1. Reachable aspartates and glutamates from residue 191, Cα under 18 Å, same-chain residues fewer than 8 places away excluded?
2. Work out how much length residue 113 to residue 189 would gain on full extension: take 0.36 nm times their residue separation and subtract the Cα-Cα distance, in nm to one decimal.
3. Using only Cα atoms, what is the ratio of the radius of gyration of the chain to 2.2 N^0.38 Å?
4. Can you compute the modelled spin-label distance between residue 12 and residue 147, with each label point 7 Å from Cα toward Cβ, in nm?
5. The stretch 170-191 to the stretch 71-126: how many Å between their Cα centroids?
6. How high is the relative contact order of the chain, in percent, counting Cα pairs under 8 Å that sit 6 or more residues apart?
7. Just to be sure I understand: with springs between alpha-carbon atoms less than 10 Å apart, which residue in 87, 177, 59 has the highest mean-square fluctuation in the Gaussian network model of the chain?
8. Rounded to the nearest 20 debye, what is the charge dipole size of the stretch 38-182 about its Cα centre when +1 sits on each Lys and Arg Cβ and -1 on each Asp and Glu Cβ?
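The values are calculated or read from the model by the stated rules, or taken from the named source; none is laboratory data. Remember, it's a predicted structure, so these values are computed and weren't measured experimentally. Glycine gets a Cβ as well: all are built from the backbone with ideal geometry, and neighbour counts include every protein chain shown. For the accessible areas, the whole protein counts, side chains as well, though only heavy atoms, and no ligand, DNA or RNA atoms are used. Shrake-Rupley method; radii C 1.70, N 1.55, O 1.52, S 1.80 Å.
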Amino acid sequence: DNAKAWKEAGLSSINVSIDSLQADKFYQITGHNRLEEVLQGVHTAVEVGFKNIKINAVLLKGVNDNELPDYLSLIKSTQISVRFIELMQTGDNFEYFHKYHISVDALKDQLSNNGWVRQIHTSGAGPAVNFTHPDYKGSIGFIAPYSKDFCKGCNRLRTTATGDLRLCLFGNSGAPLRHLLQEDVQIEELKELILGQLNYKKSSHFLLDGDTGITPHLASVGG
């Protein structure tokens, strides 16, 4: 409904979560029977001129790990990036994680065996590993936090829904920013605090050790 207004306001990128392109599974995952509505929103974003549209799908074993062909059909003639994200363990999903976690490696192999080419990772590009194919307008990306050297080129910071800085989604510490987000005159002080915190950013998360940090669930982190 708001795609045109957002584009005119200067927004250039949109991320949309679509964990399944099958209506029954979409309802099972989200609790909402609105897949067609969401897809129409994506197509509207394309129509009004968004050039950077990403669809995120959390890969779930036995649920949507067989849907690669459906996502490939979606990007065949549309310049959209689909990103499969490995399910990550948080403080409150131990049983769910061990039931549904699956590596993205099998999907990568399917692409490689069918002419898809891995793109060179550029500085500042973020954590996704992207694949393209000459017969497809869109691309496929993977975010695999349990893969080797995933954190090596990390350039990400987060703020929680309550205004705390997180140097890592799964870190054990953070710094409150909310008190410096009240007035424009605080901008320089805010910059100094953030730059100072960068000295404490660790070289890796510790998910492979079962340490999920202080994040109880990803909804608590926000954007």
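1. Reachable aspartates and glutamates: 164, 183.
2. 22.2 nm
3. Normalised Rg, Cα atoms only: 1.09.
4. Inter-label distance under the simple model: 2.6 nm.
5. 33 Å
6. Once divided by the residue count of the chain, the mean separation gives 16 percent.
7. Evaluated over the chain, the most mobile residue of the options is 177.
8. Dipole size: approximately 460 debye.
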